[in-house]
Every structure is written in structure tokens, then in C-alpha cells.
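> Pasting a structure below so you can have a look.
The values are calculated or read from the model by the stated rules, or taken from the named source; none is laboratory data. Keep in mind that what you see is a predicted model, and the values were worked out from it rather than measured. Here the Cβ is made from the backbone with ideal geometry for all residues, glycine too, and neighbour counts use every protein chain on show. Side chains are part of the model used for accessible areas, which takes the heavy atoms of the whole protein and leaves out ligands, DNA and RNA. Shrake-Rupley method; radii C 1.70, N 1.55, O 1.52, S 1.80 Å.
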Amino acid sequence: MPAPRTGAPSTTSGTDALLYILFAVVGAALAFGSLAWLTGNLTNYFFGSGPWAPFHVTEALLHPDRLWPHLGPAAVLVGARVVPGSLALALTITVLVLWLRRRAGTKSGMARPADIAPLLDKEITAKARSLRPSLRGEKDIAPADRGIPIGTLSPGRAEVRASWEDVMVAIMAPRSGKTSGIAIPAILAAPGPVLLTSNKAANDAFTTCIDARAKVGKVWTLDPQQIAHHPREMWWDILADARDLAGAKRLAGHFVTASVDESSGSDFWSTAASNTLGSLFLAAASHRRPITDVLAWLASPSDRTPVDLLTDAGHHAVAAQLQGTVTGATETRDGIYETARQYASCLLDPEIAAWVTPTPDLAEFKPFDFASSRDTLFLLSKDGGGSASAIIAAAADAVMRAAVIVAERNGGRLDPPALCVLDEAANVCRISDLPDLYSHLGSRGVIPITILQSYRQGQRCWGEAGMDALWSAATVKVIGSGIDDADFADKLSRQIGEHDVQTVSVSDSGSGKSTSVSMRTERILPPDEIRALPKGKILLFATGMRVAMLDLKPWYKERSAKEIGLASARATKAITERALAKSHDHDGFGLAA
């Protein structure tokens with residue numbers, strides 16, 4: 001702990017303290033006497049008959065009957081004692097409550113309203129007008145159009161919002177309010193298209209928001225692993241962006257990233273398998289072949305079809321590379337293909353593959369059309385091995401990239417902006433270069449909110465350098481309860497900073513007691529207090545502003561909570577009914593009855 005910073009100590013005797021008490025008593029007497037004089041005169045004016053008494057504080061305190069002889073004893077008691085006493089008590093209680101609320105609401109050294117003014121109503125509204133041309137002629141701008149709700153700042157419960165060019169990262173432990181206090185309020189208030197990734201459906205953001213979002217646009221649900229048991233009512237062409245080499249390699253990267261962590265994603269087998277997958281995706285996409293053809297080619301490395309398709313499409317170098325892999329050493333080829341098969345194993349399930357395979361009688365989801373709409377896309381997947389998280393990551397990536405292109409075609413920024421809530425991002429939406437995307441998404445009106453359970457979870461997904469880059473690129477960072485990483489808590493504590501604290505020490509001597517006052521610096525919020533942050537409280541790190549402590553404003557505390565709660569209950573019940581209906585169609589071994 002830093003050493004105390006002492007100057008010349010100020011020393012006062014016990015008589016000084018008594019003198020201060022005397023001044024306080026005299027001041028209180030003068031104030032009460034002045035108030036009694038005023039209320040006594042008002043009582044005499046309305047209920048008495050004498051003139052307005054001259055100002056005499058002592059008389060008003062000790063002998064009010066002399067100032068107002070024409071008032072009866074009861075009237076004097078009420079007018080000069082009861083009324084001023086009640087007013088003084090009410091004023092004292094009000095000041096005390098306001099002081100306690102201010103002290104409890106804003107910890108010493110943390111941001112006050114003036115410190116985060118760019119995120120409060122006046123400035124955030126002005127910024128919304130500047131960022132969104134559609135709002136410039138509007139006199140009154142609805143709260144949902146002003147920015148993304150984050151929480152409230154005490155005192156005053158001022159609403160704090162991120163702007164429509166802020167990119168966000170939220171790190172909160174499970175059941176700390178990250179969905180109810182961050183994701184759901186943002187989705188319900190979004191004025192444009194919304195994308196949500198999740199590994200849960202019942203009693204979560206999916207069920208809470210699906211009815212509300214259906215009122216503003218079409219709802220698309222990509223549920224390949226039947227998290228919500230949602231019927232397949234759409235399909236998405238996963239190979240649409242793989243018709244050039246860069247897009248094909250990017251798609252292959254999603255399958256690799258979903259299967260391995262950052263530390264092992266660059267070894268020989270992973271790199272070679274990724275290149276092979278990319279070549280096969282390019283071959284299929286170039287000739288509008290379904291992705292299921294890739295599975296057949298992976299199963300038969302000697303099949304020359306993909307090489308011929310690449311050659312016919314003019315991708316001669318890629319064809320030559322694939323041919324070299326196929327004709328290379330058998331052990332090496334088989335190792336590469338087996339690794340690639342593992343990465344693409346989720347497509348072996350026909351129920352999963354059907355969601356990304358052309359189906360003429362179902363609606364096709366098109367990311368470019370979505371970016372210009374007010375639709376909602378729910379991307380649901382289990383986490384862990386064998387999940388469809390590669391498909392979820394590819395879909396989220398396709399939407400964000402399409403939104404950027406649409407924004408560039410329309411003046412540089414989407415209006416209304418697109419909100420992309422990447423809940424459980426490290427589990428079901430592992431986009432390898434997400435930290436790089438953060439550097440320019442906000443400037444295009446594409447607003448990502450990446451929600452993680454811990455900082456280390458992000459490090460496992462993107463590596464230490466990648467997570468540091470994501471953290472640095474986020475212009476708004478939210479920290480909730482449950483931060484058990486001591487190193488990260490200490491890092492946050494150091495970023496919050498230090499402040500001066502007054503230390504008073506009392507010593508006894510032969511001449512009496514003396515008081516010494518010194519100053520020392522200490523952490524505004526030590527790591528142990530960050531770890532003990534209660535549920536419902538969050539720390540807000542916004543670029544260029546002092547760190548603020550906010551209160552979450554979960555959806556169930558809003559005026560519309562009853563209506564939304566009923567809709568969520570209906571959606572949850574529908575999931576249960578669909579699950580039961582499926583179970584009735586199969587026996588205990590998963591076989592058709």
C-alpha cells in the first residue's frame with residue numbers, strides 16, 4: 001500500500017471541538033428562531049389582528065407571546081413552535097436522505113453524472129441525431145432510438161446508454177444478470193435488425209424477446225440442434241460467401257475455430273485440414289453444389305470431382321494444391337482428411353445439414369436483405385463437442401459482414417443500426433478475427449455486444465493477444481459480479497485508479513488530546529471489492545471517461561414487464577409442448593415408434 005503522504009499536521013485541542021459545537025448550537029438556534037419568527041408572523045397575519053412583528057430571534061425563541069399578544073396560546077404554540085419544528089425536522093430528514101443516497105449511490109472516486117455526460121440523455125440524444133440521418137428532423141426522439149440501454153447512475157437514477165457507434169464487451173458470471181440486464185433490454189429497445197446467439201432457449205432471451213420482435217419485423221430462427229425444438233421454416237446458403245477463395249477459407253476457419261482452441265489451431269494438421277476444407281468449399285460453391293457434397297469428397301479423398309470443379313471454375317492454383325494433397329504420402333493425406341472430417345462432423349447429422357442446404361419450399365434467409373430490415377435472427381446451438389457452433393459463427397459473421405457492405409453502399413452507416421448480441425460468444429460463436437472486426441463495425445452502424453463469463457474464457461477462445469485486442473477495441477466495457485480472476489480484478493482495480501484519503505489520528509499528551517490529519521493514496525476500488533460486487537451492480541468502462549458504478553435495469557423491472565413475462569411464458573410453454581410431441585414420436589432409445 002502506498003505510504004501515507006503527510007504534510008504539516010494540523011493540531012487542535014479539545015476546546016476547539018467544544019467551540020465548534022457551540023457555533024453549531026448557536027447557528028441552529030438562529031435558524032430555528034428565524035423560522036419561528038416567520039411562521040409566527042404568518043399565523044398572526046391569517047388568524048390574528050396585530051401588526052407584523054419586527055425581527056427578534058431571541059423573542060421568537062423564548063417569548064413568542066410578547067411578539068404576538070393578539071394570538072391565543074394555542075395559535076402561538078402551533079405557529080411559533082409546532083410548524084417551524086415540523087419544517088425543520090422535514091428539512092433535516094430530506095438533507096440526510098439525499099446525503100445518504102448520494103454517498104451510497106456514488107462511491108468516492110467513481111464517476112458522477114458530469115463525468116459520463118456523453119452517455120446521458122442530453123448528449124446521447126444529440127449524438128443519435130448526428131449518427132442517424134433519419135432522426136435529424138425529429139423534435140422528440142424515443143429512448144429506444146437514442147442508444148443502447150446499459151443501466152442507471154445514482155443519485156437520480158439517470159439512464160446511461162451507449163451510442164450507436166459504440167462496440168461493447170460484457171464480462172459477467174453466470175446468473176449475474178447479463179441476459180436479463182444487458183442482452184434483453186438491448187434487444188427489446190433495438191430500432192433496427194437484431195441478431196442473437198445463445199445456447200439456451202427456455203426462460204432466456206429467445207423466449208423473452210421473440211413475441212416483441214415479431215411485432216416489428218420477421219423473426220428468423222436457426223435452430224439446427226433443436227435447442228428450442230423450433231420447426232425448420234427457413235434455410236441459409238452457408239456457401240453463398242464461399243464463391244471466392246477468401247470467403248471459402250473464412251468459412252473453413254469457422255469450422256476449425258469451433259473445434260480447437262487458439263493455442264492448437266495453428267499446428268500442421270489444423271492448418272492443412274483448414275486449407276483442404278477451404279478448397280472443397282470453394283469447389284462446391286463455385287458450381288452451386290450443396291455443402292453435403294463436401295462430406296462425400298471428404299469420405300473419398302481419391303475422388304477427382306472437386307479438383308475438376310475448381311479447374312473448370314478457373315481456380316487452377318487451388319486445384320493444383322488440392323491435387324497435391326490428394327496425391328501426396330498416403331499417411332499424410334489420410335491424416336489431413338481425417339482432421340478435416342472431424343472439423344466438419346456436425347454436417348453428418350442430416351437434421352443439422354438441412355438448415356444450410358437449399359430447400360425450395362422454405363424461405364431463404366439472405367444476410368443482405370436482413371441488414372436493411374427490422375427483422376430478428378436467433379442463432380441457437382449447443383456448446384461443446386459435436387455442436388453446430390461453426391454454423392452459428394458462420395451465420396453471425398455473414399450477417400455482420402453483409403451489414404458492413406450494405407452500410408458502405410448507403411453512405412457509410414446503417415440507419416437504423418444493426419444490433420448483434422453475441423451471448424455465450426466463446427462457446428457458440430467463436431469468430432476467430434472478432435477482435436479485428438471490432439475496430440470498424442461501430443463506424444458502420446453495426447453494433448456488437450460480446451458477452452463472456454470471464455476474461456480467461458475470452459483468452460481460451462482468441463488467445464491472450466486476441467482477447468487483449470478485443471478488450472482494447474471495445475469502446476464500452478461492462479463488468480458484473482462474479483469476477484474471481486485475481487489478476488483480472490487487480491488489472492481492473494488499477495485502471496479505476498487511486499484517490500486521496502484523509503487519515504485522522506488522536507494522541508494523548510500531558511497537555512490533553514491532540515488530533516493529527518494526514519493524507520494518503522489508496523485504490524478507489526480494491527480487487528476484493530470488485531470480486532464482491534453485488535448482483536445488480538456493474539462497472540462501466542467507457543473510452544475517455546471515469547469508471548462508473550451503475551445499477552442494472554433488468555427487463556422485469558420495466559413497465560412492460562407483465563406483458564413481456566406473459567409472452568415469455570407462452571413461448572417457453574410452446575417449447576415444452578414441441579419437445580413432448582417429439583418424445584411421443586420416439587421410443588426410449590431414440591428410435592421411431
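> Which value, in debye to the nearest 20, describes the size of the charge dipole of the chain about its Cα centre when Lys and Arg Cβ atoms bear +1, Asp and Glu Cβ atoms bear -1, and nothing else is charged?
Roughly 2080 debye for the chain.
> Provide Asp369, Asp166 ordered by accessible surface of protein heavy atoms (probe 1.4 Å), highest first.
Accessible-area ranking of Asp369, Asp166, largest first: Asp369, Asp166.
> Give the long-range amide H neighbours of Leu377: residues separated by 5 or more places, or on another chain, with amide H under 5 Å away, using H modelled in the peptide plane at 1.01 Å from N.
The answer is Val194, Leu195, Leu196, Trp220.
> Taking a threshold of 31 Å on the Cα-Cα distance, which of the pairs Lys122/Lys382; Lys122/Lys477; Lys249/Lys491; Lys127/Lys200; Lys215/Lys249; Lys557/Lys582 fall above it?
Lys122/Lys382; Lys249/Lys491; Lys127/Lys200; Lys215/Lys249; Lys557/Lys582
> Testing the spin-label approximation: label points 7 Å from Cα along Cα→Cβ at Glu233 and Ala561. State their distance in nm.
3.0
> Now for a different question. Would you mind computing, in nm to one decimal, how far apart the modelled labels at Lys139 and Asp468 are, each placed 7 Å from Cα along Cα→Cβ?
Calculated label separation equals 5.4 nm.
> With a 1.4 Å probe and all protein chains kept in place, how much accessible area does Glu138 have, in Å² rounded to the nearest 10?
Looks like 90 Å² after rounding.
> Hey, another quick one. So for segment 139-257, Kirkwood radius off the Cα pairs, Stokes-Einstein at 20 °C and 1.002 mPa s: how many µm² s⁻¹?
Stokes-Einstein gives a translational diffusion coefficient of 125 µm²/s.
> What does the charge add up to near Ser373, with Lys and Arg as +1, Asp and Glu as -1, over the other residues with Cβ less than 12 Å from its Cβ?
Combined, the nearby Lys, Arg, Asp and Glu give +2.
> Additional query: Going toward the positive end of the dipole of the chain, with +1 on Lys and Arg Cβ and -1 on Asp and Glu Cβ, which of Thr521, Ala474, Ala396 do you reach last?
Highest projection toward the positive end goes to Thr521.
> Taking the 0 to 90 degree range and rounding to the nearest ten, how far is the long axis of helix 268-286 tilted relative to the main principal axis of the chain, both from C-alpha atoms?
70
> Counting just the Cα atoms, what span does the chain cover along each of its three principal axes? Round to the nearest Å and put the largest first.
Projected onto the principal axes, the Cα atoms of the chain cover 115, 60, 55 Å.
> Cα centroid distance between segment 218-259 and segment 357-374, in Å?
The two parts, judged by their Cα centres, are 12 Å apart.
> What is the extension gain from Leu348 to Ala329, computed as 0.36 nm multiplied by their sequence separation minus the C-alpha to C-alpha distance, in nm to one decimal?
Full-extension gain reported as 4.2 nm.
> Give me the net charge for the shell around Arg232: Cβ to Cβ below 14 angstrom, other residues only, Lys and Arg +1, Asp and Glu -1.
-4
> Report, in degrees rounded to the nearest 10, the 0 to 90 angle that the Cα long axis of helix 561-584 makes with the longest principal axis of the chain.
Helix 561-584 sits roughly 30 degrees off the main axis of the chain.
> Along the charge dipole of the chain, Cβ charges K/R +1 and D/E -1, which of Asn410, Thr197, Pro301 sits furthest on the positive end?
Working it through, the farthest residue towards the positive pole turns out to be Asn410.
> Just to be sure I understand: of the beta bridges DSSP finds with both ends in the chain, what percent are antiparallel, rounded to 5?
Roughly 50 percent of the beta bridges in the chain run antiparallel, per DSSP.
> For every helix of n ≥ 4 consecutive DSSP H residues, a contribution of -39,500 (n - 2.57) applies; sum these over the chain, divide by its total residues, and give [θ] at 222 nm rounded to the nearest 500 deg cm²/dmol.
Rounded to the nearest 500, the figure is -14500 deg cm²/dmol.
> Using 1/(1 + (r/R0)^6) with R0 = 56 angstrom and r between the beta carbons of Ala296 and Thr521, what's the FRET efficiency to the nearest 0.05?
The value I calculate is 0.25.
> Report, in degrees rounded to the nearest 10, the 0 to 90 angle that the Cα long axis of helix 245-259 makes with the longest principal axis of the chain.
Once rounded, the angle reads 70 degrees.
> With each pseudo-label sitting 7 Å past Cα toward Cβ, what's the Arg409-Arg578 distance in nm, one decimal?
3.1
> In the chain, with Lys and Arg counted as +1 and Asp and Glu as -1 at Cβ, which of these residues, Gly328, Ile93, Ser493, has the Cα nearest the positive end of the dipole, that is, farthest along it?
My answer, from the dipole projection, is Ile93.
> Tell me, in nm to one decimal, what length is gained between His440 and Ile93 on full extension, where the rule is 0.36 nm per residue of separation less the Cα-Cα distance?
Residue separation times 0.36 nm, minus the Cα-Cα distance, leaves 119.8 nm.
> Using unit Cβ charges (K, R positive; D, E negative) and no other charged atoms, how large, in debye to the nearest 20, is the dipole of segment 320-386 about its Cα centre?
160
> Here is a follow-up. Solvent-accessible area of His287, probe 1.4 Å, all protein chains present, reported in Å² to the nearest ten, please.
Probe radius 1.4 Å; accessible area of His287 about 70 Å².
> Per the 1.4 Å probe, what fraction of the accessible area of segment 130-241, in percent, lies on carbon and sulfur atoms?
That share works out to 50 percent.
> State the Cα centre-to-centre distance between segment 21-58 and segment 417-496 in whole Å.
Taking the Cα centre of segment 417-496 as reference, the centre of segment 21-58 is 63 Å away.
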